[in-house]
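First up is the structure itself, then whatever we jot down about it.
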Amino acid sequence: MATLFISDLHLCASRPAITRLFIEFLQQRLQPGDTLYILGDLFEAWLGDDAVDEQTQTVINALQQLHQKQTPVYIMHGNRDFLLGTQFASATGATLIDDPYVIKLGDKKILLMHGDTLCTDDVDYQAFRLQIRSPQFCNEFLSHPIEKRIAIASQFREESRSRSKEKSAEIMDVNHATVDAVMKQHGVLHLIHGHTHRPAQHHFQLDNEEAERTVLGDWYHHGSVLRYNGTFTLATLPL
C-alpha cells in the first residue's frame with residue numbers, strides 16, 4: 001500500500017496525450033490499497049460543474065472507476081480549478097480537501113498545499129487571487145452562460161501570461177519565510193506542494209530540526225509522481 005501525490009496536470013482538450021497518460025496512471029499504476037492526493041490544477045481551467053465537455057467526462061469516468069475499486073482519491077483546489085464543486089465530487093467519488101491540509105503518514109505529520117499562497121513576493125498575484133476567490137466573484141462568474149465564462153477565462157489567462165513575462169523567476173517562486181511560518185503554524189516538518197513546476201526535495205533547518213519541502217512537478221512533457229511507501233520517491237512518467 002502506497003500514498004501517491006500529483007499536481008499541476010493542467011488537463012485540457014489541446015493536450016490529449018497528457019490526459020491519456022493520466023488515465024493510464026489511474027488504471028495501471030495504482031494498486032489496491034493505494035491512496036491518491038491531487039494537489040491542485042488537475043485541469044487547465046474549470047468553468048463550473050455544469051461545463052463538462054467530452055474530454056473532461058473521460059477524466060470523470062476514470063476517477064469514478066477508481067472510486068468503485070475503493071481507492072481513495074483526495075483533490076485540492078488549484079489556482080486554475082478552484083471552482084471544482086460538489087457535483088464534480090459526487091460524479092467522481094473523490095473527496096475535495098482544504099488548502100492547507102494535514103495528514104499523517106506513519107508517525108509523521110505532513111502538510112499538503114497547492115503552493116500558490118506561498119508565493120507571497122508576487123503581490124499582484126495574491127491580490128488577484130483574493131479577488132477571483134471571493135464568493136461574490138465566483139457566484140457572478142457561474143451565473144454567466146458557459147460561452148461567456150470561456151471568454152472571461154481566456155482573457156484572464158492572456159493577462160496572466162503577459163504579467164508573468166515581466167516578473168522574475170524568484171518573485172514567482174515561494175517565499176522561504178512564508179514556508180517556515182506556515183510549517184510552524186501547523187506543527188510539521190514536511191511540506192508537499194505543487195504550483196511552481198519546480199520538482200525537488202529541499203532539506204533545511206526549521207527551529208534546529210531537520211525539515212523537508214517536496215515540490216511536485218507539472219505534467220506538461222511527462223508525468224510527475226511522489227510516492228510514499230515508508231520513504232518518499234519523486235519520479236517521472238514518460239509519455
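Bear in mind that the values in this text are calculations on the coordinates, not laboratory data. Remember, predicted model here, so these are calculated numbers, not experimental data. Cβ atoms come from the backbone with ideal geometry, glycine included; neighbour counts cover every protein chain shown.
A compact table of results
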| quantity | calculated |
| --- | --- |
| Selection of chymotrypsin sites (Phe, Trp or Tyr not before Pro), segment 154-229, meeting DSSP coil and at most 15 other Cβ within 10 Å | Y220 |
| For segment 171-225 versus segment 46-88, the gap between their alpha-carbon centres in whole angstrom | 25 Å |
| Cα→Cβ-extended label distance, 7 Å offset, between I146 and I132, nm | 2.0 nm |
| Prolate/oblate/rounded call for the chain, Cα gyration tensor, a/c under 1.5 rounded | oblate |
| Residue order, fewest to most beta carbons within 10 Å, for M172, M113 | M172, M113 |
| Residue-span extension gain [C12 to Q65] - 0.36 nm each, minus C-alpha spacing | 17.1 nm |
| Amide H contacts of L206 (H built 1.01 Å from N, under 5 Å, at least 5 apart or other chain) | A211 |
| Under-5 Å amide H pairs with L11, H placed in peptide plane, nonlocal only | F43, E44 |
| Burial ordering of I152, I18, I38, fewest other beta-carbon atoms within 10 Å first | I152, I18, I38 |
| Percent of beta bridges antiparallel (DSSP, the chain, rounded to nearest 5) | 50 percent |
| Virtual spin-label span in nm between F156 and Y220, 7 Å along Cα→Cβ | 2.0 nm |
| Interchain or long-range residues, amide H under 5 Å from G115's placed H | G194 |
| Whether segment 134-239 is rounded, prolate or oblate, judged on the alpha carbon gyration tensor where a/c under 1.5 counts as rounded | prolate |
